[in-house]
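The values are calculated or read from the model by the stated rules, or taken from the named source; none is laboratory data. Nothing here was measured: the structure is a model prediction, and the numbers come from that model. Cβ placement follows ideal geometry from the backbone for every residue including glycine, while neighbour counts extend to all protein chains displayed. Protein only, heavy atoms only, side chains kept; ligands, DNA and RNA dropped before computing areas. Shrake-Rupley method; radii C 1.70, N 1.55, O 1.52, S 1.80 Å.
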Amino acid sequence: MALSGEMFVTIRCVMLWLGFCGAAFWNVSLGQVLPNTYNGLRTYIENHEMDSLQLLSINRHLRTLNQEHSDSLITHIFPLLEKKYAERPPSQKARLYNLLTATSYQLTGNMAVSNRFVELQILNYRKAGYRFRELWAFTHKMFILAEMDSTELALAAALQLQRKLDSNLVSPAEYADLSRQLCVFLHSIGEVESGLDACHKSIKHSRKHGFKNGNSILLETLALLTETSTGDMREVIRIRREAMQSAIEEPDSFNLRIIYRNLASSYNDLNEPDSAAKYFNLTFKLHRTHPYFFGWLADQELYAFFLIDQNQMDLAKKAIDSLGYHISNNYNRQRDYFILREYFAVASNDLAAYQKWSSKLDSVNDLIQDEEKLGIREELKIQYETEKKEAENQLLKSESRARQTQLIALLILVGLLAVIVTLIIQRKKRDQALHRKDQRLKELELERERKEKAAMVQRNDELKKDLGQRIKQVVEQQVINAELMEMVEELRTTNESPLVRKKAAQMKAHLIKSIQGQIFENIYTKMLELYPHLLKYLSEELGSDKEAELISTAMYFLGYESNVIAKVLNRSEKAIRNMRHRVRQKLGMENKDDFTAFLHRINEDLTRQ
């Protein structure tokens with residue numbers, strides 16, 4: 001007798017995925033002896049900071065412990081590790097939740113807890129910016145959804161992953177890892193044809209790029225799918241032996257143990273007991289050299305059935321006795337153990353033992369049935385509560401209909417109020433829109449004034465620059481004019497002819513009048529453009545015929561010194577200072593007033609007016 005094919009395939013499939021997702025950390029050396037009880041391990045965690053190496057060591061050590069009290073992981077160990085990592089950066093948190101996801105899935109079977117851990121794993125990988133790790137965690141979620149009977153959601157997630165793989169958005173190495181996960185997942189939910197296609201694609205890709213790590217899992221999954229699809233055990237063994245060679249080259253002994261155990265089962269199905277025994281021995285050799293408790297019970301039970309079938313009763317009894325130390329309060333596990341005991345008693349022709357274990361089996365079956373009945377009663381109770389709630393809801397609906405008539409009038413009134421409020425709001429919105437338009441017009445007006453002012457400032461700057469150039473030219477021209485005047489004067493004084501002297505005097509007078517007229521016109525015209533209010537004020541106060549006083553005052557206003565003004569007007573500096581004194585008196589300046597500052601104040605006052 002052996003485990004049923006369906007049960008055996010399920011065990012292999014679940015362990016297959018777990019071995020793959022946990023392969024990266026199951027062979028980490030401990031570095032020190034850790035406590036062999038959950039309480040001791042809890043104390044150890046409380047007293048250490050938990051660096052990454054200690055976390056890996058604890059994760060591996062958990063698989064060496066008796067799993068009968070694995071609920072302590074959920075109530076004590078997991079919360080304590082989460083507390084230790086509460087303030088760590090997202091990359092470290094993601095690594096923690098990666099380990100907790102696999103550990104919870106493998107050792108507790110609590111899918112709700114596993115799903116919470118995988119969601120936190122995905123979140124923290126996303127925060128840390130690890131795109132591939134986020135996709136990897138996404139594949140874990142597919143398996144968990146399938147275990148939670150959310151197969152449609154899990155399959156939709158798998159199709160989404162396949163589209164990402166086909167879009168060439170991942171590297172060849174990432175494609176190899178993710179496609180292996182997809183292959184294992186499709187087998188786990190019974191999608192045989194899709195799984196075979198995915199496995200062949202993944203194997204072809206890995207061989208093309210020379211990838212070897214993880215191929216043992218890929219080939220073992222292909223063997224399982226082939227066994228389901230065709231039942232050709234020779235082909236299955238061929239694929240599985242290829243998987244074994246790949247697993248021997250990999251560091252993960254867990255994968256190799258699964259393949260040894262499955263090879264033993266395949267040879268047993270072909271009625272080749274010697275080959276089956278060989279691979280069972282290799283399986284338990286790995287259990288001894290790489291101790292972890294996870295999976296040991298299933299392997300031991302299967303081996304015991306095999307030994308009984310081969311009539312190796314002493315070895316079978318030894319294997320069965322070793323199982324007895326690990327039987328828990330789990331009724332399903334007890335039932336499997338009692339079935340094995342009963343089968344051994346029948347094979348041994350031990351009637352008393354058969355009656356004993358048959359009785360125990362009946363008792364545990366009754367307990368299982370009681371649990372199922374209890375579950376049915378709970379379902380009936382829930383159904384009763386649901387129907388009661390529905391009846392109460394119907395009563396409430398009847399009462400509510402009586403109130404509907406009263407509510408109609410109230411609703412009409414509320415509707416009218418709503419219309420009024422809507423009209424008020426619309427009116428307010430229109431007013432606000434008009435206000436915004438008015439504000440916008442003001443802003444546009446201010447912007448226009450600002451631009452005009454800027455243009456005026458720019459124009460004045462250009463005029464000032466032009467005026468400066470004109471004055472500079474006048475100064476240079478006056479030098480030439482002075483030389484000309486000297487020549488005319490020399491002609492008037494040295495020539496003996498009275499007529500020539502008369503003409504020279506007339507020429508000198510004409511030159512002086514002409515030069516002063518040109519100077520006045522050049523400077524006066526520009527000043528009139530720049531400071532029209534000030535120039536008008538000076539003309540009224542000084543007299544419009546006082547051209548020299550106007551020009552000198554304007555040049556003082558512009559910042560020129562007396563010596564420059566003297567050159568422009570062809571006067572001495574003393575004459576220019578005397579002229580400035582007369583201007584001070586005409587403008588009513590006091591002795592304390594600065595001449596230039598006074599003129600600037602007058603200009604500012606006139607501009608403001």
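In order along the range 304-319, the Karplus-derived 3J(HN,Hα) couplings, from 6.51 cos²θ - 1.76 cosθ + 1.60 at θ = phi - 60°, round to 5, 4, 4, 5, 5, 4, 8, 6, 9, 5, 5, 5, 5, 4, 4, 5 Hz, and Gly and Pro are given as x.
Taking a straight line from the alpha carbon of Lys503, these lysines sit under 25 Å away, with near neighbours fewer than eight places off in the same chain left out: Lys513.
Measure up Lys526/Lys574; Lys141/Lys360; Lys141/Lys381; Lys84/Lys141 against 28 Å on the Cα-Cα distance and list the ones that go over. Exceeds cut-off: Lys141/Lys360; Lys141/Lys381.
For the set Phe306, Phe211, the ranking by accessible area, highest first and with no ligand, DNA or RNA atoms included, is Phe211, Phe306 under a 1.4 Å probe. Look at the alpha carbon pairs under 8 Å that are at least 6 residues apart: their mean separation over the length of the chain gives a relative contact order of 8 percent.
When a/c is below 1.5 the answer is rounded, else prolate if a/b is larger than b/c, else oblate, so apply that to the range 176-293 with a ≥ b ≥ c taken from the square roots of the Cα gyration tensor eigenvalues.
On the way: a/c = 1.95, a/b = 1.29, b/c = 1.52.
Since a/c reaches 1.5 but b/c is at least a/b, the shape of the range 176-293 is classed as oblate.
Our compactness index for the range 373-460, the C-alpha radius of gyration over the empirical 2.2 N^0.38 Å, is 2.76.
Of the whole protein surface, Val457 contributes about 70 Å² of accessible area at a 1.4 Å probe radius. Residues whose amide H falls under 5 Å from that of Phe211, counting only those 5 or more places apart or on a different chain, are absent, with hydrogens built in the peptide plane. So how tilted is helix 595-608 from the main axis of the chain? Cα-based, degrees 0 to 90, rounded to 10. On a 0 to 90 degree scale, this one is about 70.
Remark on Tyr560: its backbone amide H falls under 5 Å from none of the residues 5 or more positions apart or on other chains, H modelled at 1.01 Å from N.
Over the range 213-276, the pair-distance histogram of Cα-Cα distances with 5 Å bins from zero comes to 4, 21, 31, 24, 14, 5, 1 percent, rounded to whole numbers. Across the chain, the volume of the C-alpha convex hull divided among the residues equals 392 Å³ per residue. The residues Ile425, Ile412, Ile576, sorted by heavy-atom accessible surface at 1.4 Å with ligands and nucleic acids left out, run Ile412, Ile425, Ile576 from largest to smallest. What number, rounded to the nearest 500 deg cm²/dmol, is the helix-based mean residue ellipticity at 222 nm of the chain, given -39500 (n - 2.57) per DSSP H run of at least four residues and division by all its residues? That comes out to -28000 deg cm²/dmol. 3J(HN,Hα) along the range 76-93: 10, 5, 4, x, 5, 5, 4, 5, 4, 9, 4, 9, 7, x, x, 4, 6, 4 Hz, from the Karplus curve 6.51 cos²θ - 1.76 cosθ + 1.60 with θ = phi - 60°, whole Hz, x for Gly and Pro. Taking the empirical scaling 2.2 N^0.38 Å for compact globular proteins as reference, the range 44-112 has a Cα radius of gyration ratio of 1.05.
Assuming R0 = 51 Å, what is the FRET efficiency of Asn495 and Glu443, from their Cβ-Cβ distance, to the nearest 0.05? Don't skip to the answer; put the middle values down first.
Values: r = 76 Å, r/R0 = 1.48.
Efficiency, rounded to the nearest 0.05: 0.10.
Within the assembled protein chains, the solvent-accessible surface assigned to Asp232 is about 70 Å², based on a 1.4 Å probe. Counting heavy atoms of the protein chains alone, Ile217 has an accessible area of about 0 Å² for a 1.4 Å probe. The separation of the range 233-300 from the range 412-470, counted between C-alpha centres, amounts to 85 Å.
Whole-Hz Karplus values for the range 192-197 come out as 5, 4, 5, x, 4, 4 Hz, taken residue by residue from phi with 6.51 cos²θ - 1.76 cosθ + 1.60 and θ = phi - 60°; glycine and proline positions read x.
When only DSSP loop residues count, what GluC sites (Glu not before Pro) in the range 35-140 have their Cβ near at most 16 other Cβ atoms within 10 Å? Before the final figure, lay out each step's value.
Working: sites: Glu46, Glu49, Glu68, Glu82, Glu87, Glu119, Glu134; in loops: Glu49, Glu87.
Loop-located and lightly packed - Glu49, Glu87.
Using a 1.4 angstrom probe on the protein heavy atoms only, could you order Thr283, Thr494 from most to least accessible area? Display every interim value, and only then the final one.
Values: Thr283 0, Thr494 95 Å².
Largest to smallest exposure gives the sequence Thr494, Thr283.
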